[in-house]
Amino acid sequence: EVNAYGEELRNKHLAGMPPTEEEISKFDTLRENVVKNDAARGFLEARQTIDELLNTINHYLGMSIDLGRAPTPEEIEEARQRAMSAQTSCSCGGSCDKESCDCDGNCDHGHDHDHKDGGCGCGNH
């Protein structure tokens, strides 16, 4: 029911009709009931674990295909570090300055930055 109602609200939003407070409240109540249910919560946690495992396997296979061989542990760690770095950088890429900056002054993760010292001041680079 949560998934179906969530999809209904998503489709409504995509059609240009934002959900009402009442609809959002109904969805939150449905979702809260799922989270309170031990069996449902366990299922969701197991599904998340499986998704993470599949992502790891797909990443490893992709690297193997790209390299033409199995990646070394060092190459896997380097790719993991690059992926983590990409997730924590600003939308401007971390190299903006006052003169040439066309970013909006906000990181993707909500931190303002002020271009002090020639770069973003968010500290996430």
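The values are calculated or read from the model by the stated rules, or taken from the named source; none is laboratory data. All of these numbers come straight from a predicted model, not from anything done at the bench. Note: ideal-geometry Cβ built from the backbone for every residue, glycine included; neighbour counts use all protein chains shown.
General observations
- Contacts under 6 angstrom Cβ, first residue in the stretch 53-66 being within 13 Å of Glu77 (Cβ to Cβ), partner surrounded by 10 or more Cβ atoms within 10 Å (Cβ to Cβ), 6 or more apart: Met63/Pro71
- Any hit, the stretch 5-16, residues being outside any helix (DSSP H, G or I) and loosely packed, with under 10 Cβ neighbours inside 10 Å: yes
- Residues being in a helix (DSSP H, G or I) and farther than 18 Å from Glu1 by Cα are represented in the stretch 21-30 by at least one member.
- Of all residue pairs spaced 6 or more apart or on separate chains, those with beta-carbon atoms under 9 Å, a first member in the stretch 1-29 that is in the same structural domain as Ala40 (by TED's automatic domain parsing) and in contact (Cβ under 8 Å) with a residue 24 or more places away in the chain and a second member that is surrounded by 11 or more Cβ atoms within 10 Å (Cβ to Cβ) and assigned to a loop (DSSP other than H, G, I, E, B) are Phe27/Pro19.
- Residue in the stretch 70-84 that is in a helix (DSSP H, G or I), closer than 30 Å to Val2 by Cβ and either in contact with a helix residue (DSSP H, G or I) (Cβ under 8 Å, 6 or more places away or on another chain) or at pLDDT 90 or above (or both) present: no
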